[in-house]
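Peer 1: The structure that follows is given in the form of structure tokens.
The values are calculated or read from the model by the stated rules, or taken from the named source; none is laboratory data. Note that the structure is predicted; figures quoted are calculated from it, not measured. Don't worry about glycine lacking a Cβ; one is built from the backbone with ideal geometry, like all the others, and counts go over all protein chains shown.
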Amino acid sequence: MTGPSEEARTAAREPRGPEGLRDGAEDRQSAGSRPKVVSSDSAADSSATDGKAAGRNNAMARRQRRRSKLPAYGALDLGTNNCRLLVARPSRRGFVVIDAFSRIIRLGEGVTGSGRLSEKAMDRTIHALKICRDKMRRRGVRRSRLISTEACRIAGNSDEFISRVLDQTGLELEIINRETEARLAVSGCASLLDPTCDGALIFDIGGGSSELIWLNLTERSHNWRSSVYDRLDAQNCIEAWTSLPVGVVTLAEKFGGRDVTPAIFEAMVEDVVTQLAPFEQTHALREKMSNGNAHLLGTSGTVTTIAGIKLDLPAYDRKRVDGCWLSDDEVRDVSSSLIAMSYEDRVMQPCVGADRADLVLAGCAILEALMRLWPCERLRVADRGLREGMLATMMAEDGYRGSNRRNRRRGSGPSSDGD
């Protein structure tokens, strides 16, 4: 399950002008150089101000020209519930997104019962993939990685689907294993880890599976906000991980997602706790989290939805959600309010909508199970994940280290301003 309101999310992410500038940005850039009527007393100050503004505008223009010469990369995450794309170019501290797409396609709808991807689900998905293909072509994407996860891992006709996608879109999908999915999630949200903590439990609640990764941050050796190389280094802190074959789609199909009573919600939670228990028994994370300085980091639509509701957003706003902190009480307050709502009320919630009104409580149940097993007062919300991990990996492999002074002295790789 991805973040709330896919159309709103896409609008918030997608650039609306050249190189990530929104409509009107070009006009605002040149506004400082427009002639002004000033008194003789203020002429000197005004001239100095105009000069500074012009200097800033010129610097921005130079950064955009340098950035436009760098190659574009594409990262596509085809999940059980969503199809999501990011197109980006390397930048000073990582990359800058120049195009994006996100749509609920429910590829894995019914797959746990039938063992196969349905024709309607495949048709929906291929339509979305064609849009992604066209976006990458328009942006001149030089290198891309296109992954598919749990739905294709378990479907008996996934090979047929992959071939059909290639024939109809020209896109070559890669079905990744669960360990790769976990590692990409770590790299994708590494920059949101609290550097003052000794440990963190990262979780990704998906449509068909959920990944959990325990990081021992005492092994941290880099500032993970500095470059794509440093974000990949976060994988070296992985001490334990697991992937459960349960996500918002599979759990909602098992228990029902439209009419969820408190009793049904509790049954969902208990089901997930039972599946999580072996991971806790093996690694004793509860003791590590209670005795140490640790936090939760959630990268999924469940946590972004909860954050949007807690912030009382009239429409989903990635800038306000990504990186925000929630307490355990705040999470439970939102879950309780959603349980008290009817299906129709959840549809009307601006950060839920019709596309996920029947899935959001399944996500809340998975999150509640996590918090019961591993109590933690602080949860950080990440509206980022696999796609960002793929982009960081590809750019690192191609030698884009960033433009900090140390790298410029070494002459190591191309660079770009901006982030």
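Peer 1: Of everything in region 119-173 that's in contact with a helix residue (DSSP H, G or I) (Cβ under 8 Å, 6 or more places away or on another chain), of a type in the set (Gly, Ala, Ser) and not in a helix (DSSP H, G or I), which residue is farthest from Val248 (Cα to Cα)?
Peer 2: Among those residues, the one meeting the criterion is Gly170.
Peer 1: Specify the residue that is surrounded by the most Cβ atoms within 10 Å (Cβ to Cβ); the eligible residues are those in region 347-382 that are part of a helix (DSSP H, G or I) and in contact with a strand residue (DSSP E or B) (Cβ under 7 Å, 6 or more places away or on another chain).
Peer 2: Gly363
Peer 1: Something else about it: For the structure I just gave you, tell me whether Ala307 is of a type outside the set (Asp, Glu), surrounded by fewer than 22 Cβ atoms within 10 Å (Cβ to Cβ) and either part of a helix (DSSP H, G or I) or outside the structural domain of Cys364 (by TED's automatic domain parsing) (or both).
Peer 2: When the stated conditions are applied, Ala307 does not pass them.
Peer 1: Quick one: is Phe101 among the aromatic types (Phe, Trp, Tyr), closer than 30 Å to Glu253 by Cα and touching a residue at least 40 places away in the same chain (Cβ under 8 Å)?
Peer 2: yes
Peer 1: I've got another one for you. Of Ile131, Ile162, which residue is out of contact with any Phe, Trp or Tyr (no Cβ under 8 Å at 6 or more places or on another chain), in contact (Cβ under 8 Å) with a residue 12 or more places away in the chain, surrounded by fewer than 24 Cβ atoms within 10 Å (Cβ to Cβ) and not acidic (Asp, Glu)?
Peer 2: Result of the check over Ile131, Ile162: Ile162.
Peer 1: So, in region 134-159, exactly how many residues are in contact with a strand residue (DSSP E or B) (Cβ under 9 Å, 6 or more places away or on another chain), surrounded by fewer than 17 Cβ atoms within 10 Å (Cβ to Cβ) and basic (Lys, Arg)?
Peer 2: Count: 3.
Peer 1: With respect to Leu201, determine if the residue is modelled with pLDDT of 95 or more and in the same structural domain as Gly110 (by TED's automatic domain parsing).
Peer 2: So Leu201 fails the test.
Peer 1: Now a separate question. Out of all the residues in region 238-286, which are outside any strand (DSSP E or B), small (Gly, Ala, Ser) and within 22 Å of Leu297 (Cβ to Cβ)?
Peer 2: Correct list: Gly247, Ala277, Ala284.
Peer 1: Among (1) over 18 Å from Ser243 (Cα atoms); (2) outside any loop (DSSP other than H, G, I, E, B); (3) not aliphatic (A, V, I, L, M), which single condition is Asp194 missing?
Peer 2: Every listed condition holds for Asp194 apart from (2).
Peer 1: Here's a follow-up. In region 236-270, how many residues are out of contact with any strand residue (DSSP E or B) (no Cβ under 9 Å at 6 or more places or on another chain) and not aliphatic (A, V, I, L, M)?
Peer 2: Of the residues in that region, 14 qualify.
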